[in-house]
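Have a look at the structure below before the remarks.
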Amino acid sequence: AQKITQTQPGMFVQEKEAVTLDCTYDTSDPSYGLFWYKQPSSGEMIFLIYQGSYDQQNATEGRYSLNFQKARKSANLVISASQLGDSAMYFCAMREVNTGGFKTIFGAGTRLFVKA
Amino acid sequence: DGGITQSPKYLFRKEGQNVTLSCEQNLNHDAMYWYRQDPGQGLRLIYYSQIVNDFQKGDIAEGYSVSREKKESFPLTVTSAQKNPTAFYLCASSPRTAQGSNEQFFGPGTRLTVL
């Protein structure tokens, strides 16, 4: 069963504006980690941000922040002040610590287009 | 510099041939992974290894085989039994701890095309 859902196949944002990429997940494991990765057209996967299930505060890393709503099982990525270089595929991922071992499950991704 | 290398970057294979994709890391990570990515889709786990001489099947292991004889190396063989092997293959590694926060580090990928 798919456990990570990214409902936006593609998103457009104007340069310098903020954009939110949606991610919902499903798990019965109380201990899990949520990740966001960026994949430019070159293909490599770049780690952006991490949120633990027990973290009280939303994670932030520079222009990236994670809007973590545990009760809704959502972990949306917010990119502030978009730049042309932000155009890429973005993947949400989850690792279940107790039941998943070292497996990380990825969503289908959202392609972000930043317009000049 | 520490990182993960995959070779070759592009690989062409004739139908019916086995082919081996290389993955090497010098990050001293215990765990290593192989993913397959089809156009416009997310990553699917093929195999993963938590420690040398041990590995487990992922979600789409049929038609693939791996070995983990050294900590640094985790080669993937795409066999002739894999019906649709044309895809982008990504190797990754991570520390082997119980912490959920250990992100995976990825190699640059190998694009395999079956002619």
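Which order do A:MET94, A:MET11 take by accessible area at a 1.4 Å probe, largest first? It would help to have the intermediate numbers written out before the result.
On the way: A:MET94 0, A:MET11 45 Å².
Listed by decreasing accessible area, they come as A:MET11, A:MET94.
Rounded to the nearest whole Å³, what is the per residue volume of the convex hull around the Cα atoms of the protein assembly as shown?
On the way: hull volume 29.4 nm³, N = 231.
Here the figure is 127 Å³ per residue.
I'd like the accessible area for A:GLU96, computed on protein heavy atoms only with a 1.4 Å probe and all protein chains in place. Round to 10 Å², please.
20 Å²
Which percent of Cα-Cα pairs in the range B:1-112 sits in each 5 Å bin, short to long?
2, 13, 24, 26, 19, 10, 4, 1, 0
Tell me, what is the per residue accessible area of chain A in Å², probe radius 1.4 Å?
Per residue, chain A has 47 Å² of solvent-accessible surface.
Suppose all protein chains stay in the model; what accessible area per residue would a 1.4 Å probe give for chain B, in Å²? Show your work: numbers first, answer last.
Numbers: 5550 Å² over 115 residues.
That works out to 48 Å² per residue.
With a cut-off of 8 Å between alpha carbons and a minimum separation of six or more residues, what is the relative contact order of chain B in percent?
Details: 293 pairs, mean separation 40.0, N = 115.
Averaging sequence separation for qualifying contacts and normalising by length gives 35 percent for chain B.
Could you look at the protein assembly as shown and say what percent of its accessible area is carbon and sulfur, using a 1.4 Å probe and all protein chains? Walk me through the intermediate numbers first.
Numbers: 5260 of 10990 Å².
Summing carbon and sulfur atoms, their accessible area is 48 percent of the total for the protein assembly as shown.
Project the alpha carbons of chain A onto their principal axes and report the range along each, largest first, in whole Å.
That works out to 44, 28, 21 Å along the principal axes.
Ranked by accessible surface with a 1.4 Å probe, highest first, in what order do A:PHE35, A:PHE68, A:PHE12 come?
Numbers: A:PHE35 0, A:PHE68 25, A:PHE12 140 Å².
Greatest to least solvent exposure: A:PHE12, A:PHE68, A:PHE35.
Indicate the gyration tensor shape class of the range A:39-104 (rounded, prolate or oblate), computed on the Cα atoms with a ≥ b ≥ c the square roots of the eigenvalues: a/c under 1.5 is rounded; otherwise a/b larger than b/c is prolate and the rest oblate. Spell out each step's value before the answer.
Working: a/c = 2.54, a/b = 1.36, b/c = 1.88.
Judged from the Cα gyration tensor, the range A:39-104 comes out oblate (a/c at least 1.5, b/c at or above a/b).
Note down the net charge around A:VAL19, summing +1 for each Lys or Arg and -1 for each Asp or Glu among other residues with Cβ under 14 Å from its Cβ.
Values: positive: A:LYS16, A:LYS38, A:ARG63, A:ARG111, A:LYS115; negative: A:GLU15, A:GLU17, A:ASP22, A:ASP86.
With Lys, Arg at +1 and Asp, Glu at -1, the net is +1.
Considering protein heavy atoms only and a 1.4 Å probe radius, which residues within the range A:86-116 exhibit an accessible-area decrease of no less than 50 Å² in the full assembly relative to the chain by itself?
A:ARG95, A:PHE102, A:LYS103, A:PHE106
Using heavy-atom solvent-accessible surface (probe 1.4 Å) with all chains present, what is the largest-first order of A:THR27, B:THR5? Please list the in-between numbers first.
Working: A:THR27 15, B:THR5 80 Å².
Reading off the accessible areas and sorting them downward yields B:THR5, A:THR27.
Solvent-accessible area of A:SER31, probe 1.4 Å, all protein chains present, reported in Å² to the nearest ten, please.
Accessible area, nearest 10 Å²: 20 Å².
Considering amide H positions built from the backbone, and no H for Pro or chain starts, which residues 5 or more places from B:ARG96, or on another chain, come under 5 Å of its amide H?
B:ASP30, B:ALA31
Ballpark to the nearest 100 Å², how much total accessible area do A and B bury together, probe 1.4 Å?
On the way: alone 6370 and 6430 Å², together 10990 Å².
When A and B are taken together, about 1800 Å² of accessible area is lost.
The values are calculated or read from the model by the stated rules, or taken from the named source; none is laboratory data. What you see is a predicted model; the values in this text were computed from it and never measured. Here the Cβ is made from the backbone with ideal geometry for all residues, glycine too, and neighbour counts use every protein chain on show. Just the protein is used for accessible areas: all its heavy atoms, side chains included, with ligands, DNA and RNA removed. Shrake-Rupley method; radii C 1.70, N 1.55, O 1.52, S 1.80 Å.
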